[in-house]
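Below is one structure; the comments refer to it alone.
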Amino acid sequence: MSNLKVAVKIYDKNKLQSKVKTENVHNEIQILSALKCRYIVSLFKIYETEQSIQVVMEYGGKTNLRDFVESERIIPASEIENMEDDQTD
């Protein structure tokens, strides 16, 4: 058994009552599946039942995107270029 930490995002299908909300969840999954970048959490697995959609992904720590943006951290141009290279591989 691995000591890998993961985050599990659970969507209650009963709360995804509109077509738009359901499409947003599926779009999020599709985007996370396609992106491979060290600055974006990796998607590991999707479990779907009649009641829920469970998204298992890399644990990103206690911070979130809002915290990162508000910290006003500047990403060096070389790192941005690496992000672009990651997406073209």
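No value in this document is a laboratory result; all are computed from the given coordinates. It should be emphasised that the depicted structure is a prediction, and the values quoted were computed from it without experimental measurement. Methodologically, a virtual Cβ is constructed for each residue, glycine included, from the backbone with ideal geometry; neighbour enumeration extends over all protein chains shown.
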What are the ³J(HN,Hα) couplings of the range 10-25, residue after residue, when phi is run through the Karplus curve with 6.51, -1.76, 1.60 and θ = phi - 60°? Round to Hz, x for glycine and proline. 10, 9, 7, 4, 5, 8, 8, 6, 9, 4, 5, 4, 5, 4, 4, 5
Per-residue HN-Hα couplings for the range 30-43, Karplus 6.51 cos²θ - 1.76 cosθ + 1.60 at θ = phi - 60°, whole Hz, x for Gly and Pro? 5, 5, 4, 5, 7, 7, 10, 8, 5, 8, 10, 4, 8, 8
Sites matching GluC sites (Glu not before Pro) across the range 1-75 that sit in DSSP coil, with at most 12 neighbouring C-beta atoms within 10 Å: 50, 72
Applying 1/(1 + (r/R0)^6) with R0 = 30 Å to the Cβ-Cβ distance of residue 48 and residue 80, what FRET efficiency is obtained, to the nearest 0.05? 0.30
If the chain between residue 67 and residue 19 were fully extended at 0.36 nm per residue, the gain over the current Cα-Cα distance would be 14.3 nm
Partners for residue 36 among lysines (Cα-Cα distance below 24 Å; same-chain residues under 8 apart left out): 5, 9, 45, 62
